[in-house]
Amino acid sequence: MKNKFYLFITLLFVHTFLFAQDIAVVKYSGGGDWYANPTSLPNLVKFCNQNINTKISTKIATVEVGSAEIFSYPFVHMTGHGNVVFSPNDVQNLKNYLNSGGFLHIDDNYGMDEYIRKEIKKVFPNEELKEIPISHEIFQKPYNFPNGLPKIHEHDNLRPQAFGIFVNNRLVLLYTFQCDLGDGWEDTEVHNDPIEIREKALKMGANIINYVFNN
């Protein structure tokens, strides 16, 4: 019965992907500020719709990790500065979502790393976060990033890193660390980043979106 249910969810999920390009922010428990960077995704959506011919809704939804609603969105984004806790239901639901074709982008907004790594391990106990090589298509199209993930904000004088979890050779979870992509997507006046920095962030975001909707 359980297998039939998950098959139904997978088929429903694929059907949804064919007719919708909505994306969502993930709301999680633990006390971390999941609501950080409120202008980032709307700006990324506008950039993608204008530059890479997507037709994503500019209305950004909010979904909880353990909710069935997450299956309505092929791409979900998670950020924050602090603690993250996945319940057993969250873990199972997120695992089903990612194994069924969903994609999770986690952007450490500085201070999230020690918490999120433990929660990712709950979802994929037999997998390790692997640094994504610069040869991966997520760095190549539609915009070329020959050096990999761009650096948007400086914190600890560490290089930006993109880590991933792969299922059947498909990247299902992207974790961007020491980068602050989401900050680069925010309204100009929030961080007063130079135009070239914001452009790098938006182009890298467009590459992520492009990968999700073509894989």
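Nothing in this text is a laboratory measurement; each read-out follows from the coordinates by a stated rule. Computed from a prediction, not measured in an experiment: that's the story for all the values here. Positions of Cβ are backbone-derived with ideal geometry, glycine not excepted, and every protein chain shown enters the neighbour counts.
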**OP:** Would you list which lysines come within 28 Å of LYS122, measuring only between C-alpha atoms, while excluding same-chain residues fewer than 8 positions from it?
**Re:** LYS2, LYS4, LYS27, LYS95, LYS130
**OP:** Find out how many positive minus negative residues lie around GLU69, taking Lys and Arg as positive, Asp and Glu as negative, among other residues whose Cβ is under 11 Å from that of GLU69.
**Re:** -1
Original post:
Over the chain, what is the percentage of antiparallel beta bridges among all DSSP beta bridges, to the nearest 5?
Top reply: 35 percent
**OP:** Using Cα positions and a limit of under 20 Å, work out the aspartates and glutamates in reach of LYS121, with same-chain residues fewer than 8 apart set aside.
**Re:** GLU64, ASP90, ASP107, ASP108, ASP113, GLU131
**OP:** Place the peptides 69-75, 111-117, 153-159 in order of packing, highest mean first, counting for every residue the other Cβ atoms within 10 Å and averaging per peptide.
**Re:** 69-75, 111-117, 153-159
Original post:
So if we plug the beta-carbon distance of GLU127 and GLU189 into 1/(1 + (r/R0)^6) with R0 = 30 Å, what FRET efficiency do we get, rounded to 0.05?
Top reply: 0.15
Subject >> Cα gyration tensor category, rounded, prolate or oblate, for segment 115-175 with a/c compared to 1.5 >> reply: oblate
Original post:
Membrane-span-like helices in the chain: DSSP H runs reaching 24 Å or more (Cα, own axis), mean Kyte hydropathy at least -0.5?
Top reply: 2-19, 195-214
